[in-house]
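Remarks on the structure that follows.
The values are calculated or read from the model by the stated rules, or taken from the named source; none is laboratory data. Just so it is clear, the model here is predicted, and its values are computed rather than measured. Reconstructed Cβ throughout: ideal geometry from the backbone, glycine too, with neighbour counts over all protein chains shown.
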Amino acid sequence: MADSAHVASDDEAIEGEVARASAASAGRAAAQPRLWTAVFVLIVLLTFCCFVMGQGLNAGTSVFLSRVGYGASLAGVLALVFSASAAVARLVIGPIIDAGKCSLVMVAGAVVLLAGTVVPLAGQGVALYAASRVLQGVGFAMATTAASTAAADVLPRARLGEGIGYYGLGQALAMSVGPALALFLAGTDPASNLYAGLSLVAVAGLAVSFFTRYERKPLALPETSAFRERWERAERAKAQVAAAESRAANAEPQAAAAESQVADAKGRPSEPVKAPAAKPAKAPSFFEPRALPGAIPMTIMCPTFGFGIFFVGLYGTQIGVANASLFYTISAISMIAVRLKSKSFMDRVAPIKTFTVAVACGLVTCVMLYFGPASDYVFYLAGVFYGLCLGISLPLNQAVAVKNTPPERWGATNALFLLMNDVGIGLASALWGFTNDAFGFGVTICLVMVCLVASYVAAWVFYPEKDRAWR
């Protein structure tokens, strides 16, 4: 009997340990909600396709124009056309996305981007190239703004910064594949193969966009995701309204009878009670000022990326680098590495501290590019620090902007953030084109360094106080 009791006691102890382990496991699972849902993977894939298009068109256009007889100045002007078109489009589509049309905007953007890539295949001429850049800018803005908002919508709240870092993997991969593919295609005969090849990527992005309609299955999203929480609040509100209407419908006959009795008792007819006038619906705002603390430092830094995206390939070709596209491949590997490590710092380290590292990497990139003619290896190695700079700063500042605004305004937030990025890249790229033709790439690289320092000063000025805490 004693042995049996001892065995039973051991069994109970084992069961207790198993229960405690299960509870601890459940607690850890609850503390770490699922990040990589099917729809999030599709959004990352769509982003990859869109940025292959965007980065490829931006890097390849200057080489294409050079091959057909134009200079860097036209490439800079067309870069401004692309960015201005994207900026205007983002102003319009932000409120549309916030109105619940995020998936629709993604599909429409993919269609317009495809159209803009096909147009140059119809003929040549500055007017035709400008029209194609307008369509490319509008389509790129629509698809990427909607995808950024969708990513924030489907990520669990506790892992939002980490998730945005992983979301940038699509952009990081595109930084390698897009420019490298574009430079290869633009170097073949005819040079218009650039647009034929990238059109196939656009078709793939359009196909993916049809499967990213997360609004149809909100219960498949993490419990703390912004879209699911908004959907559940809306459903509860609908249920409360229905219940109130039901109670009002049941109470109406009794209220009418009571009112009739009161009127009879007073000897005068009763007047119906008027419902309070409904307040006019507030028009959606195109501008979300709470996104500015993250948007302003990024905008000032964007000329760095404008130079990298539009002109590093051309710069490497002119100084005789054997394989200029390798810069983009190396930078992409660097970005992927830092994005995969974003869990360790994105939601844990003070943003100003992280941004310091990004700016330092950008300055190192400029110094190495300046001395790029001395050695191909110096030019290639600059891609490592360029990738770190872009891989850290873009999701970091986007997270600052998003966390500083309410979820129902994330469409306008992402629209403003990306709009200001487009403005920073476009204006600077037009300037870089003229500077390159007039003074050479060395002067341009020095001006890029000035922009990096200015962006760091802006972060100290505009970041919220909690994000400037050096802890």
Requested in this report: Could you tell me which of the residues VAL338, VAL357 is in contact (Cβ under 8 Å) with a residue 40 or more places away in the chain and closer than 30 Å to PRO464 by Cα?
Outcome: VAL338
Query raised in the report: Of these, GLY60, GLY56, which one is over 23 Å from ARG213 (Cβ atoms), touching a residue at least 12 places away in the same chain (Cβ under 8 Å) and over 20 Å from the mean Cα position of the chain (by Cα)?
Result: GLY60
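In the set VAL378, VAL400, which member is under 19 Å from TYR166 (Cα atoms) and not acidic (Asp, Glu)?
Unique residue meeting the criteria: VAL400.
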Report task. Test each condition in (1) buried (at least 24 other Cβ atoms within 10 Å of the Cβ); (2) at pLDDT below 85; (3) β-branched (Val, Ile, Thr) for THR144 and report the one that comes out false. Result -> (2)
Query raised in the report: Restricting to segment 32-44, what's the tally of residues that are touching a Gly at 6+ places or on another chain (Cβ under 7 Å) and part of a helix (DSSP H, G or I)?
Result: 1
Query raised in the report: Would segment 205-216 turn up any residue that is of a type in the set (Lys, Arg), part of a helix (DSSP H, G or I) and touching a Leu at 6+ places or on another chain (Cβ under 6 Å)?
Result: no
Report summary line: Note: among ALA174, ALA158, ALA151, just one is under 17 Å from the mean Cα position of the chain (by Cα) and either among the polar types (S, T, N, Q) or more than 30 Å from LEU74 (Cβ to Cβ) (or both), namely ALA151
Report summary line: Among ALA202, ALA207, the single one that is over 25 Å from GLN318 (Cα atoms), without any contact (Cβ under 8 Å) to a residue 60 or more places away in the chain and under 21 Å from the mean Cα position of the chain (by Cα) is ALA207
Query raised in the report: Would you call GLY197 over 21 Å from THR37 (Cβ atoms) and either under 22 Å from the mean Cα position of the chain (by Cα) or surrounded by 17 or more Cβ atoms within 10 Å (Cβ to Cβ) (or both)?
Result: yes
Report task. Sort out which residues of segment 205-220 are modelled with pLDDT of 80 or more and either within 11 Å of ASP153 (Cβ to Cβ) or surrounded by 17 or more Cβ atoms within 10 Å (Cβ to Cβ) (or both), and write them in order of number. Result -> GLY205, LEU206, VAL208, SER209, THR212, TYR214, PRO218
Report task. Inspect all residues belonging to segment 320-328 and state whether any of them is at pLDDT 80 or above, touching an Asp or Glu at 6+ places or on another chain (Cβ under 9 Å) and at positive phi. Result -> yes
Query raised in the report: Out of all the residues in segment 419-456, which are surrounded by fewer than 24 Cβ atoms within 10 Å (Cβ to Cβ) and at pLDDT below 80?
Result: VAL423, LEU427, ALA430
Requested in this report: Starting from segment 97-121, take each residue that is of a type in the set (Asp, Glu) and list its partners that are surrounded by 17 or more Cβ atoms within 10 Å (Cβ to Cβ), counting only C-beta distances under 7 angstrom and pairs at least six apart or across chains.
Outcome: ASP98/ARG409; ASP98/GLY411; ASP98/ALA412
Report summary line: Residues of segment 338-392 being in contact with a Pro (Cβ under 8 Å, 6 or more places away or on another chain) and not aromatic (Phe, Trp, Tyr), in sequence order, are ARG339, SER342, MET346
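I'd like the full set of residues that are polar (S, T, N, Q) and not in a helix (DSSP H, G or I), limited to segment 392-414.
ASN404, THR405 - these are the residues of segment 392-414 that are polar (S, T, N, Q) and not in a helix (DSSP H, G or I).
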Report task. Restrict the check to segment 72-88 and report whether at least one residue is part of a helix (DSSP H, G or I), at pLDDT 85 or above, in contact with a Ser or Thr (Cβ under 9 Å, 6 or more places away or on another chain) and of a type in the set (Phe, Trp, Tyr). Result -> yes
Requested in this report: From the list LEU169, LEU155, LEU128, pick out the single residue that is surrounded by fewer than 22 Cβ atoms within 10 Å (Cβ to Cβ), within 23 Å of PHE227 (Cα to Cα) and hydrophobic (A, V, I, L, M, F, W, C).
Outcome: LEU169
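For ALA459, state whether it is aliphatic (A, V, I, L, M), in contact with a Pro (Cβ under 6 Å, 6 or more places away or on another chain) and buried (at least 22 other Cβ atoms within 10 Å of the Cβ).
yes
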Requested in this report: With the condition kept exactly as written, say whether any residue in segment 379-389 is assigned to a helix (DSSP H, G or I), surrounded by fewer than 19 Cβ atoms within 10 Å (Cβ to Cβ) and on the phi < 0 side of the Ramachandran plot.
Outcome: yes
**Report entry** Single unsatisfied condition, CYS389 versus (1) touching a Cys at 6+ places or on another chain (Cβ under 6 Å); (2) closer than 25 Å to ALA89 by Cα
**Finding:** (2)
Query - Some residue of segment 349-370 being more than 17 Å from PRO303 (Cβ to Cβ) and buried (at least 24 other Cβ atoms within 10 Å of the Cβ) - result: yes
